[in-house]
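Working notes, beginning with the structure itself.
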Amino acid sequence: MMRLEMRDNIDKIVREMRGLSKSKVPIAAAKALTFTAERVQAAEKAELERVFDRPTRWTLSSVFKRSATTSRLFARVWVKDEASSGVPASKYLPVHIDGGNRPHKRFEKALIHYGLMPADMYAVPGRRARMDGNGNISRGQIVQILSALGAAERVSGFMANRTQRSRRRNRNAPDYFVGRPGNGTGPLGIWQRIGNGARPILIFVKRPTYRRRFDFYGVANRVAEAEFEPLFRRALAREMERG
């Protein structure tokens with residue numbers, strides 16, 4: 001969360017201006033802080049579009065602001081930490097803000113729960129995964145995989161397959177399995193059986209480490225430093241004109 005307070009800037013400008021009605025300062029400051037937060041919010045959205053490949057509308061709308069008031073002379077800009085449905089942005093954006101290791105996604109937790117993926121591994125799209133318009137494996141295919149493998153039986157280690165009953169129930173469903181094709185030489189993951197071969201859908205990898213990509217705090221600081229002072233001066237001048 002970024003808190004915009006700018007007290008030093010406010011005090012400096014107040015000292016510069018003579019004959020200033022002190023009652024006007026909180027009003028102008030609250031307006032300038034709120035306008036600055038709005039510009040920070042817009043800049044953060046632009047930065048998301050710049051650093052991520054086709055971010056979802058959900059991600060772009062995840063940056064919130066809280067306006068300042070005369071009794072609360074600070075504004076806030078933060079990443080949404082709750083969601084009526086889906087995953088809140090605060091669950092997946094921080095790793096791109098601070099770097100480090102990302103937590104397991106919901107479908108990865110399901111794979112671990114059913115014993116289909118080792119608990120210390122993560123799933124990344126294979127070459128034949130169906131991708132959506134935002135560059136992620138499609139939700140439909142994830143649901144299809146979990147449905148197909150939810151009734152999976154453990155065969156040996158993490159080699160698993162759909163049960164014969166499951167196959168009979170839906171003969172047209174893709175035949176997904178967990179394992180290492182090619183007599184154990186292929187990477188461990190979820191594959192789709194096609195004839196005598198297999199397509200890589202999800203590949204299991206060790207914990208991925210992310211570099212910092214989304215400079216949330218840097219963007220906020222740069223915008224605040226550039227925008228607040230002129231906004232405050234204009235707001236203060238307007239309040240003084242009103243008498």
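Work out how much length TYR92 to ASP175 would gain on full extension: take 0.36 nm times their residue separation and subtract the Cα-Cα distance, in nm to one decimal.
Result for the pair: 26.8 nm of gain on full extension.
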Residues VAL223, VAL205 in order from fewest to most other beta-carbon atoms within 10 Å are VAL205, VAL223
Here, GLU82 and ARG207, labelled 7 Å along Cα→Cβ, have an inter-label distance in nm of 3.0
Rounded to the nearest Å, the spacing of the alpha-carbon centers of the range 92-145 and the range 168-235 is 6
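Arranged by the count of other C-beta atoms within 10 angstrom, fewest first, what order do THR185, THR36, THR59, THR70 take?
Working: THR185 7, THR36 27, THR59 20, THR70 13.
Listed from fewest to most nearby Cβ atoms, that is THR185, THR70, THR59, THR36.
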Expected sort for 92-105, 38-51 on mean C-beta neighbours within 10 Å, highest first, is 38-51, 92-105
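Laboratory data are not the source of any read-out in this text; all were calculated from the coordinates shown. Since the model is a prediction, treat every value here as computed from it, not as a measurement. Note: ideal-geometry Cβ built from the backbone for every residue, glycine included; neighbour counts use all protein chains shown.
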